[in-house]
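Structure first, then comments.
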Amino acid sequence: MRPWHSPCCKDFAFLGLPAYGEDSTLVPVLDEIAAGVLPAGRYRCGNDAICGWAGGLAAQDGIHLIAGTGSLAYGEYAGRRARAGGWGELFSDEGSAYWVAVSGLNLFSRMSDGRLARAELHSVLRRHFNLEHELDLCAAIYGRDGAKRSQLAALAPLIAQAAAAGDAQARALFTSAAGELAQMVRAVRDQLGVPAGLAAKVSYSGGMFSFGFFLDSLRSSLAALGGGYELVAPRLAPVLGAALYAALLSGAPLSSEAISRLRSRPAA
């Protein structure tokens, strides 16, 4: 579980909680999580994707794309809210670091037993796991100390290393990841009812965007949807987005000047 974002404005707080809204029976429980610590009626809980959106777009209309261990798109437009993706790693989280890592391990297995030609990815993963025999990878992944979700996601930089070294099959995984993420953005846009002639701003956060070539892949995938999207660098980090959203909920949204000051802080 990722840490929640809970900075307060002067007298209101927004708590961005992972998986909030993904189990309706738990919503009342989570809504009461800060009772007794924060004044009644002066805080609100929600999904932590809202923090990414509020920070990335300074709480302005648009869509925020998260691609780290998991993946999810969240957006707001004209008072409407929508999300797509983020159904969990067993059958979703397309385009995430976890998804890329598992796909990369699948490539390794195919390269090892001859279903695909061996390329840089095979060498990179064999060195990483110090494999004398390729099948020993099974013990590393499924053994007594089997790899957890976050540990698998941490393999994505190795897949990116192989892609950067010219492995076309590894690079194709990132192209596919960008395409999956672009479809999440499109789905959110459709749900929000953004007018056809308006370019929706799209910001982003998460470890997948640390790979230098990935933003270009995402930009190309968004363009392939027929235009109507403007990929923009995030203005503030999600933790500061929580503060912006708290101010918005309190009825005293931060001014452009205040947001600019936040951007200039090293912590931003």
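The values are calculated or read from the model by the stated rules, or taken from the named source; none is laboratory data. Here the structure is a predicted model, which is why all the values come from computation and not from measurement. Glycine gets a Cβ as well: all are built from the backbone with ideal geometry, and neighbour counts include every protein chain shown.
Between Ala233, Ala247, Ala258, Ala243, which is closer than 28 Å to Leu17 by Cβ, of a type outside the set (S, T, N, Q), in a helix (DSSP H, G or I) and within 21 Å of the chain's Cα centre (by Cα)? Of Ala233, Ala247, Ala258, Ala243, the one residue that is closer than 28 Å to Leu17 by Cβ, of a type outside the set (S, T, N, Q), in a helix (DSSP H, G or I) and within 21 Å of the chain's Cα centre (by Cα) is Ala243. Candidates Ala78, Ala101, Ala84: the one that is surrounded by fewer than 18 Cβ atoms within 10 Å (Cβ to Cβ) and at pLDDT 95 or above is Ala78. Please go through the range 172-197 and give me each residue that is among the aliphatic types (A, V, I, L, M), buried (at least 18 other Cβ atoms within 10 Å of the Cβ) and over 24 Å from Cys51 (Cα atoms), ordered by number. Passing the criteria: only Leu173.
Going through His64, His5 one at a time, which residue ends up being at pLDDT below 95, under 24 Å from Ser210 (Cβ atoms), surrounded by 23 or more Cβ atoms within 10 Å (Cβ to Cβ) and touching a Gly at 6+ places or on another chain (Cβ under 8 Å)? When all the criteria are applied, what remains is His5. Within the range 143-162, residues that are β-branched (Val, Ile, Thr) have Cβ atoms under 9 Å from residues that are not in a helix (DSSP H, G or I) in these pairs: Ile159/Asp167, counting only partners at least 6 apart in sequence or on another chain. Of all residue pairs spaced 6 or more apart or on separate chains, those with beta-carbon atoms under 6 Å, a first member in the range 218-240 that is among the β-branched types (Val, Ile, Thr) and a second member that is in a strand (DSSP E or B) are Val232/Lys201; Val232/Ser203; Val239/His5.
Filtered by the rule that a residue be buried (at least 16 other Cβ atoms within 10 Å of the Cβ), at negative phi and outside any helix (DSSP H, G or I), the range 198-224 gives Ala200, Lys201, Val202, Ser203, Tyr204, Ser205, Phe211.
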